[in-house]
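The values are calculated or read from the model by the stated rules, or taken from the named source; none is laboratory data. Remember, it's a predicted structure, so these values are computed and weren't measured experimentally. Here Cβ is always computed from backbone atoms with ideal geometry, including for glycine, and neighbour counts include all displayed protein chains. We work out accessible area using only protein heavy atoms, side chains counted, and drop any ligands, DNA or RNA first. Shrake-Rupley method; radii C 1.70, N 1.55, O 1.52, S 1.80 Å.
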Amino acid sequence: MASVLLLPSSSSSCCCSRKINAAIYVPKLPKLSLSLPKIPMRNLGEELNIRDGFINTIPVEKINDRSHNSSTNIVTTQLYAILEAVADRVEMHANIGEQRDNWNTLLLNSINMITLTAATMAGVAATAGGIGMPLLALKLSSTLLYSAATGMLLIMNKIQPSQLAEEQRNATRLFKQLQSQIQTMLVIGTPAQEDVKEVMEKVLAFDKAYPLPLLGAMLEKFPAKFEPAVWWPKNQVLQKKNFLHEGKQCNNGWSEELEMEMREIVKVVERKDIEDYVRLGNLALKINKTLAISGPLLTGIAALGSAFVGNGSWAPIVAVVAGALASTVSAFEHGGQVGMVIEMYRNCGGFFQLLQESIETTLQERDLEKRENGELFEMKVALKLGRSLSQLRELARKSASSHVDEFASKLF
């Protein structure tokens, strides 16, 4: 039993004394050629899209489009706001123009009725004769009516209601024209911030040229020298917007012949039309000054004459005759609307001056691509002068040969 038990111990010691040599053989794996995709380099715009460990999925192009659309929407919104203001000004100028035209009619009728009533009273007082309360009442009434007519004539001649009404009519027309330009710009154009600035300058220039209030802002009705009206900004922006997309024309529609034609048109406009309207305006201004002084002067003389009725033979004659002349002068001045004629001449002179400046400004721009399309510009000039294209070119040829016997405009 002891031998059996000792046998395993001897065998285990023998096994522990042996050395174990073992090698692990691993089979060789085949070589694999892996082609990894190249990671594209991010630009600055994509790097800015990385937020909080993840990349936004909005492409840079879409962000740029969104910012461009946002700026365009801002410009469009601004133009619509200006359009609303322009529409409101159209309504205001139209209403005030109608009101001031009513002033002219009502004041003229009132002053004439007062003057004729005072003259009648002076005549009745002269024929009644005698001394007493009836004569005194007629004399006093006639004198008071003549004095009232003198004061009303002074105010009416100062403000010239017919001229005020014409100013508002011109302002209404110009604001309507600007309104249609803004609408065209919004429909077929691509408005930019420069267009908003240009439209704002035009609105402010119109407000300055045709003010609404009378006190402190009314235009001088009797200037020392007649000058055409100016309703456009001093630093007028050259027209660069061409709404033609049917292809690019060579030289933007301009040629040496067209430039020479425009220069000759400017000469005719300056030598004929502007000069003629300035001459007529100065003549109408002198007539209006004379009438504005004569009316109150005659009613004042009539008031003095009526005060002395009964004290001499000439007093009633002076009172009645001066009153009749004053009524005639007032009817000719305000019934004939001489102030309106002056304003019409101012507006016509300004129209031709604006045409001249626009042509000269366009020709001074040497870069043809920055000009308005030549063919479109020629058509606009022809329409403004009331001529066809062939008539406009014929006028330029006559001007070049110094045989011009007509005005540039056939409209007015």
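Sorted from greatest to least, the principal axis extents spanned by the alpha carbons of region 239-382 come out as 89, 27, 18 Å. When a 1.4 Å probe is rolled over the protein heavy atoms, the share of accessible surface on region 243-361 that falls to carbon and sulfur comes to 65 percent. Gain in length, residue 76 to residue 180, computed as 0.36 nm per residue apart minus the alpha-carbon separation, to one decimal in nm? The residue 76-residue 180 span can extend by a further 35.9 nm.
Compared with the alpha-carbon gap, the fully stretched path from residue 313 to residue 361 is longer by 10.4 nm at 0.36 nm per residue.
At a 1.4 Å probe radius, carbon and sulfur cover how many percent of the accessible area of region 78-121?
59 percent
Inter-label distance, residue 287 to residue 321: 2.6 nm, where each label sits 7 Å from its Cα along the C-beta direction.
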